[in-house]
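Below: one structure, written as structure tokens.
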Amino acid sequence: MNPKLEALFDEPEKGYLQADELNALSQFVSSLPERISFYQRLRNEEVTLMQSVADALQQQFPQESEAKLKRSIQNGILMVRYAAMAMLTDDIDMVTKRLESWLPEIVEAYDTKAIDIALYQLIKTQFAGRFSSTQMALLIPGLDAAERLIAGGQLTSESAEAITSESLVGLF
């Protein structure tokens with residue numbers, strides 16, 4: 001769960017939650033049905049969504065080996081799942097915490113950086129055509145966090161601005 005929300009429950013002996021703290025909790029709780037619905041949709045449509053991404057990736061990199069493309073797509077699926085879980089729990093930092101210990105090394109070891117960066121752009125493009133802008137606003141920060149790890153911390157300023165530890169519950 002979002003560390004700011006989690007902190008609300010840490011020390012009840014200090015007193016009741018203040019109005020702004022209750023408001024943050026209320027916004028998170030009221031956004032849960034939409035988050036859960038979107039998470040379920042991602043889960044249910046994963047194969048279809050990622051197949052269209054994989055097809056586009058193969059067209060973009062026809063010279064690359066099937067093994068390299070397959071590795072990138074498998075990592076892409078994992079990144080979408082982590083981004084979806086981060087969206088569900090409203091904890092964008094979860095993506096970085098879970099991936100930073102292995103993803104950059106895998107990308108370097110298999111030399112898939114260019115493919116992986118293109119993959120994430122394709123994911124964002126394909127998903128934007130299927131989901132609402134509100135849903136994408138929930139998912140993009142997690143995807144951008146994964147992309148930042150792949151790119152070695154070098155993202156466009158637009159992507160960097162989207163990555164924050166601030167809650168997105170205000171969208172609802």
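The values are calculated or read from the model by the stated rules, or taken from the named source; none is laboratory data. This structure is a prediction, so every number in the text was calculated from the model and none was measured. Reconstructed Cβ throughout: ideal geometry from the backbone, glycine too, with neighbour counts over all protein chains shown. Quick note on the areas: whole protein, heavy atoms, side chains included, nothing else; ligands and nucleic acids left out. Shrake-Rupley method; radii C 1.70, N 1.55, O 1.52, S 1.80 Å.
Would you confirm whether any residue within region 32-48 is within 21 Å of Ile117 (Cβ to Cβ), surrounded by 17 or more Cβ atoms within 10 Å (Cβ to Cβ) and touching a helix residue (DSSP H, G or I) at 6+ places or on another chain (Cβ under 9 Å)?
Within region 32-48, not a single residue is within 21 Å of Ile117 (Cβ to Cβ), surrounded by 17 or more Cβ atoms within 10 Å (Cβ to Cβ) and touching a helix residue (DSSP H, G or I) at 6+ places or on another chain (Cβ under 9 Å).
Going through region 59-76 one residue at a time, which ones are polar (S, T, N, Q), part of a helix (DSSP H, G or I) and over 23 Å from Leu99 (Cα atoms)?
If the condition is that a residue be polar (S, T, N, Q), part of a helix (DSSP H, G or I) and over 23 Å from Leu99 (Cα atoms), then Gln59, Gln60 are the ones that fit.
Test each condition in (1) among the aliphatic types (A, V, I, L, M); (2) assigned to a helix (DSSP H, G or I); (3) without any contact (Cβ under 8 Å) to a residue 12 or more places away in the chain for Ala56 and report the one that comes out false.
(3)
Collect the residues in region 1-30 that are open to solvent by less than 80 Å² (accessible area, probe 1.4 Å) and within 17 Å of the chain's Cα centre (by Cα), keeping them in residue-number order.
Asn2, Pro3
In region 111-143, how many are of a type outside the set (A, V, I, L, M), in a helix (DSSP H, G or I), open to solvent by 10 Å² or more (accessible area, probe 1.4 Å) and over 23 Å from Arg71 (Cβ atoms)?
3
For region 83-110, name all the residues that are open to solvent by 60 Å² or more (accessible area, probe 1.4 Å) and either under 14 Å from the mean Cα position of the chain (by Cα) or without any contact (Cβ under 8 Å) to a residue 40 or more places away in the chain (or both).
Selection gives Met85, Lys97, Arg98, Glu100, Ser101, Trp102, Glu105, Glu108, Ala109.
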